[in-house]
Amino acid sequence: MGARVSAHVYVTSKDGVQRTWLAPGDAVPSWATVDNPNVVEAADAGDSSPVSLSEPSRSGPGSGKAAWAAFAEAHGVATDSEMSRDDIIAACEAAGVVTAED
């Protein structure tokens, strides 16, 4: 079973060609980009089809620890509850999931 959404959400493909609404419990299509990681429930460990989540903001709304933890988890980056938001961002950078800011 792949990642599923926990709320109604509109998803699009990175190229903007595919679009659809998802309801709570719906699986996230492999082509979908979900801008709000707070509505995505992680995939089972054995699932090989990752969710394409947009990188959370690094400041302002949507830039909190929870958003970055969900993003990291969806991209297979190991985190733990003791890590700060900045630690999680650094782990994502080290894993090559995001590019380090200058």
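The values are calculated or read from the model by the stated rules, or taken from the named source; none is laboratory data. Source: prediction; values computed, not measured. Glycine gets a Cβ as well: all are built from the backbone with ideal geometry, and neighbour counts include every protein chain shown. Surface accessibility is based on the protein's heavy atoms, side chains included, excluding ligands, DNA and RNA. Shrake-Rupley method; radii C 1.70, N 1.55, O 1.52, S 1.80 Å.
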### Task
State all residues of the stretch 59-102 that are closer than 22 Å to Ala27 by Cα, open to solvent by 60 Å² or more (accessible area, probe 1.4 Å) and not in a helix (DSSP H, G or I); if no residue qualifies, say none.
His75, Gly76
### Message
With the requirement that a residue be at pLDDT 80 or above and surrounded by fewer than 18 Cβ atoms within 10 Å (Cβ to Cβ), what does the stretch 18-28 give you?
### Response
Arg19, Thr20, Trp21, Ala23, Pro24, Gly25, Asp26, Ala27
### Subset of the stretch 34-50 that is of a type outside the set (Asp, Glu), at pLDDT 75 or above and under 17 Å from Gly76 (Cα atoms) - its residue that is least open to solvent (accessible area, probe 1.4 Å)
Val34
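For residues in the stretch 1-16 being in a loop (DSSP other than H, G, I, E, B) and at pLDDT below 80, which is nearest to Glu55 (Cα to Cα)? Reasoning before the result, please.
Initially, the stretch 1-16 is screened for residues in a loop (DSSP other than H, G, I, E, B), giving 1-3, 6-8, 14-16.
Checking which are at pLDDT below 80 leaves us with 1-3, 14-16.
Working: Met1: 23, Gly2: 19, Ala3: 17, Lys14: 13, Asp15: 16, Gly16: 17 Å.
Ranking the candidates gives Lys14 first.
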